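Student: One structure follows; several queries about it will come next.
Here, each number is a calculation from the coordinates, and none is a lab measurement. The model shown is predicted, which means the values in this text are computed figures rather than measured ones. A quick note on method: Cβ atoms are made from the backbone with ideal geometry, for glycine too, and the neighbour counts reach across all protein chains shown.
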Amino acid sequence: MSEPLLRLDGIEKSFPGVKALDGVTLNVHAGKVMALVGENGAGKSTLMKVLTGIYKRDAGALTYLGGKVEFKGPAESQKAGISIIHQELNLLPELSIAENIFLGREKIGPLGNIRWKDMYAEAGELLDKLGVKHSPRTRLGTLGIGEQQMVEIAKALSFESRVIIMDEPTDALTATETKALFNVINELRDTGHGIVYISHRLKEIFEICDDVTVLRDGKFIGEKAVADMDEDRLIEMMVGRRLEEQFPRVDVEPGKISLEIKDLHAPRVDGVSLSVHEGEILGVSGLMGSGRTELMKAVYGALPVESGTISIFGETKRIRSPKDALNAGIVYISEDRKADGLVLGLSVKQNMTLSALQAFCAKLGHVVRTQERRAVDGFIDAFNIKTPTRNQTVGNLSGGNQQKVSIAKGLMNRPKVLILDEPTRGVDVGAKKEIYQLINEFKEKGMSIILVSSEMPEILGMSDRIAVMHEGRICGEFPAEEADQEKLMACSVGKVREETTA
Amino acid sequence: MTANNNVSQGSSLKEKLIAQKSLIALAVMIVVVSLLNPNFFTTGNILNILRQTAINAIIAVGMTMVILTAGIDLSVGSVLALCGAVGASLIAQGMPVVVAVGGALLLGAALGAVSGMIIAKGKVQAFIATLVAMTMYRGLTLVYTDGRPISTGFTEVADAFAWLGTGYLLGIPVPVWIMSLVFGLAWYLLNHTRLGRYIYALGGNESATKLSGINVDRVKVTVYGIAGFLSALSGLIVTSRLSSAQPTAGAGYELDAIAAVVLGGTSLLGGKGTIMGTLIGALIIGFLNNALNLLDVSSYYQMIAKATVILLAVLVDTKSK
């Protein structure tokens, strides 16, 4: 094998109390895509921060283009030709595509004037290369997330980057956008770029990557050719144990209808009728923008309902705020943990009891701490939440543990209907399975669960019944046994319109 | 108390150190000035400083709560003046002290709540809403007083009212007692009640707080109401001390209050901070004012010195974060 473009060797990094990286090695070869995988907290982000010089390493060496290098910050590493495309894009929506690409490096004439013509021309070339069909003068904010990501890649290319690191690039992308991204990655590989692909989505790793490096608890577990691996072995390497069956289905005799929605109209929701039984998981599938999240938020009172009825055990409820929904026994756990789910600066305890705080209050709003602690510790225990104490700031926990806190917060309200919107997004494999087990436990206790997800295997594996949304309507409903990936996909792009009543 | 407070905010050792750092700064200042001027560290002078600090400190308590919700209240000085003037004229009309004080405090709470309503329901930025309120209430004060001071008069009621600003209880000035009470209650509210929890949550992430089923509008109105109430309380103390209400009273007080909050380590972005930090911040400003006077620094230079100290404190604070 040829010399790698970039090599990180024996990297060590400690923070007070934790060894975040312990002898980690990563090789990036020209013309190859290296997957970097590991559970949340395995050290992937820390490794990238060490590479770009945000963190100073305690030991180990960086070799780039055959020589030892040292970067003092992301600006330096980018200049040297190593670009990172972060999960949260670093772009300015109010500027044009070209302005974004050349931000801080505008092409300047002799009088300090910007040479727009050159800039637009060069940006146009880059966009063409990536197959983006937009003028470089277009305002960035008008682009979809997938296209914005392409702009980030264009920016990386404009630096003449040799190494491009992508951190969870497909998290916010639709299937078509993902495909377009993979085409670009293939092209970059063909033109001799070295690519690091960080993802939780194992399927994608087998689709697009050549090699895979696995980290676990800050340790280097191994580097393997993807061709020699299968999904089970990869998971085993990541979690250090064999995970049996990913979706541990449990059979529960469904009870009465708990939630019934009739002809609901709301922003981007166009006449939806649905019902869920006790002890049942209803999967709701559909592409992004199909109105799934809007429907759930309307049921939860977070978006205004224009018309239609929502009833709980046959009793029609007026839901005009999340408070009304909580009182009616409906809990919604948002897909966007950081923006809508948790107060990251507050503690595990304060987050968990936030929405049910009234239950822990004596007269005049006095919070009875002993009761609160008992409830919080109960959930930390039952959910196996990995946190040093209940007073730990929630922002310091891993994604999976944050999600558990978020679910615990909802359950503190003792809901009859639990709506989970993308409950495993940004959650690692081990924690995913734990979350599935929890969902099944709730189901066994007779709770009604609505599971909204973009991940087909998750929907198919967990649900008893699946409804598919397309352009604000339910365009298909299947019992789990009859559903498969193709049927759901066809339905979600609007190919089939078979209305079945539950 | 401070330690417990920090733990309850789920914070780390670092924040504990920051809280103590302002305490250390305060201690150093006291030691240095005591060495430079023997009149500084005397019971009389300390009590004097505490009494002067009380005005700003009480306002700063309300400001802390507002800033914790990621808001700001620029109208505190104007509310102070208007409520002081209304209180003074009620006393001058011979109303019982309880009625005058109660009326002025209620008015303050109402004025604050109006700002809160404009911010919560009207979706106006707090800076703009309270800037408008500041101008509006100052105008109302000038109209109400006709631009002249309102004397509380020389009646028995006026004498009783004067106790609020000039009296002593067990050898300690009444305003200092009031300040202590206000801080105690605010500490309890922020750390042991539902409202306190909601204030931190709202400042930390409004959207998540709303989706948790919390009526954030009500929290905002309450918080600005409290800020107005406490401004009125300070206004009454000022009026009582001078036996008259000045139409220009309280001008610029919002900046001293904000400075105290920031010196106390509260983040202007909301969600982070402690009430005891604010107390220390207010004390630093109070002690500094007094020290500059005792050291015979010209009043022109005093502002420069004050600004420098605040800037240094905040710089040290951001550096360590």
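Student: I'd like the mean, over residues of A:287-298, of how many other protein chain beta carbons sit within 10 Å of each residue's own Cβ. Walk me through the intermediate numbers first.
Tutor: Values: counts 0, 0, 0, 0, 0, 0, 0, 0, 0, 0, 1, 0.
Mean inter-chain Cβ contacts per residue within 10 Å come to 0.
Student: Say the cut-off is 30 Å between C-alpha atoms; which of A:Lys323/A:Lys445; A:Lys44/A:Lys72; A:Lys363/B:Lys220; A:Lys443/B:Lys123; A:Lys363/B:Lys121; A:Lys49/B:Lys210 go over it?
Tutor: A:Lys443/B:Lys123; A:Lys49/B:Lys210
Student: Taking the Cα centre of segment A:91-162 as origin, sum charge times position over the Cβ atoms of Lys and Arg (+1) and Asp and Glu (-1), and report the length of that vector in debye to the nearest 20.
Tutor: 80 debye
Student: Hey, what do the phi angles of segment A:134-139 turn into as Karplus ³J(HN,Hα) couplings, whole Hz, using 6.51/-1.76/1.60 and θ = phi - 60°, x for Gly and Pro?
Tutor: Result, rounded to whole Hz: 9, 6, x, 8, 5, 5.
Student: Further, regarding this structure: Taking amide H atoms as placed 1.01 Å from N in the peptide plane, list the residues 5 or more away in sequence, or in a different chain, whose amide H sits under 5 Å from that of A:Ser96.
Tutor: Amide H neighbours of A:Ser96, under 5 Å, 5+ apart: A:Leu140.
Student: Oh, and also: Tell me, what is the percent relative contact order of chain A, built from C-alpha pairs under 8 Å that lie six or more residues apart? Intermediate values should be presented prior to the final figure.
Tutor: Working: 1016 pairs, mean separation 75.9, N = 502.
Relative contact order here is 15 percent.
Student: Oh, and also: Across peptide A:349-361, what mean number of C-beta atoms from other chains lies inside 10 Å of a residue's C-beta?
Tutor: What the average comes to for A:349-361 is 4.
Student: Taking the protein assembly as shown on its own, what percent of its Cα-Cα pair distances exceed 43 Å? It would help to have the intermediate numbers written out before the result.
Tutor: Values: 144086 of 338253 pairs.
In whole percent, the share of Cα-Cα pairs in the protein assembly as shown beyond 43 Å is 43.
Student: In debye, nearest 20, what is the charge dipole magnitude of chain B about its Cα centre with +1 on Lys and Arg Cβ and -1 on Asp and Glu Cβ, if you could check?
Tutor: The calculated dipole for chain B is roughly 860 debye.
Student: Distance between Cα centroids, segment B:211-260 to segment A:284-329: provide it in whole Å.
Tutor: A separation of 40 Å, based on Cα centres.
Student: Next question, about the same structure. All other residues with a Cβ under 14 Å from the Cβ of A:Asp381 taken together, and with Lys, Arg as +1 and Asp, Glu as -1, what is their net charge?
Tutor: So the surrounding residues net to +3.
Student: If you take the charge dipole of chain B about its Cα centre, with +1 on Lys and Arg Cβ and -1 on Asp and Glu Cβ, which of B:Ser22, B:Ile55, B:Pro38 is farthest toward its positive end?
Tutor: Going by the charge dipole, the pick is B:Ser22.
Student: Shifting gears a bit: Rank B:Ser78, B:Ser243, B:Ser207 by mean-square fluctuation in a GNM of chain B with C-alpha springs under 10 angstrom and give only the top-ranked residue.
Tutor: With Cα springs under 10 Å in chain B, the top fluctuation among B:Ser78, B:Ser243, B:Ser207 is at B:Ser207.
Student: Using the Karplus equation 6.51 cos²θ - 1.76 cosθ + 1.60 (θ = phi - 60°), what ³J(HN,Hα) coupling, rounded to whole Hz, does each residue of segment A:437-444 give in order, writing x for Gly and Pro?
Tutor: Working through the residues one at a time gives 5, 4, 4, 5, 4, 4, 4, 4 Hz.
Student: Tally Lys and Arg at +1 and Asp and Glu at -1 over the other residues with C-beta under 14 Å from the C-beta of B:Gly62: what net charge comes out?
Tutor: -2
Student: Taking the dipole about the Cα centre of chain B, with the C-beta of Lys and Arg at +1 and of Asp and Glu at -1, give me whichever of B:Leu268, B:Thr155, B:Ser75 is farthest to the positive side.
Tutor: So the residue we want is B:Leu268.
Student: Under a 10 Å cutoff between Cα atoms, tell me which one of B:Ile280, B:Ile55, B:Ile214 has the largest fluctuation in the Gaussian network model of chain B.
Tutor: So, out of B:Ile280, B:Ile55, B:Ile214, the one fluctuating most is B:Ile214.
Student: Could you derive backbone 3J(HN,Hα) for segment A:371-379 from the dihedral phi with the Karplus parameters 6.51, -1.76 and 1.60 (θ = phi - 60°), listing whole Hz in sequence and x where the residue is Gly or Pro?
Tutor: Along segment A:371-379, the couplings run 4, 4, 4, 4, 5, 5, 4, x, 6 Hz.
Student: Going 7 Å from the Cα of B:Val143 along its beta-carbon direction, which residues of segment B:86-101 have the amide nitrogen within less than 20 Å of the resulting point?
Tutor: Zone members listed by number: B:86-90.
Student: Tell me which residues come under 5 Å, amide H to amide H, from A:Asp58 once H is placed; ignore anything under 5 positions away on its chain.
Tutor: A:Glu12, A:Lys13, A:Ser14
Student: Oh, and also: From other protein chains only, count the Cβ atoms within 10 Å of every residue's Cβ in A:314-323, then give the mean.
Tutor: Across the residues of A:314-323, the mean count of other-chain Cβ atoms within 10 Å is 2.
Student: Taking the Cα centre of segment A:99-235 as the origin and placing charges on Cβ (Lys, Arg +1; Asp, Glu -1), which of A:Ala154, A:Leu103, A:Leu188 is farthest toward the positive end of the dipole?
Tutor: Toward the positive end, the furthest listed residue is A:Leu103.
Student: Can I ask one more? If Lys and Arg each add +1 and Asp and Glu each add -1, what is the summed charge of the other residues whose beta carbon sits under 10 Å from the beta carbon of A:Gly308?
Tutor: -1
Student: What percent do you get for the relative contact order of chain B when only Cα pairs under 8 Å and 6+ apart count?
Tutor: 34 percent
Student: Could you give the size of the charge dipole of chain A about its Cα centre, using +1 on the Cβ of each K and R and -1 on the Cβ of each D and E, expressed in debye and rounded to the nearest 20?
Tutor: It works out to roughly 1920 debye.
Student: Which whole-number percent gives the relative contact order of segment A:226-330, counting Cα pairs below 8 Å spaced six or more residues apart?
Tutor: In percent, rounded to a whole number, it is 24.
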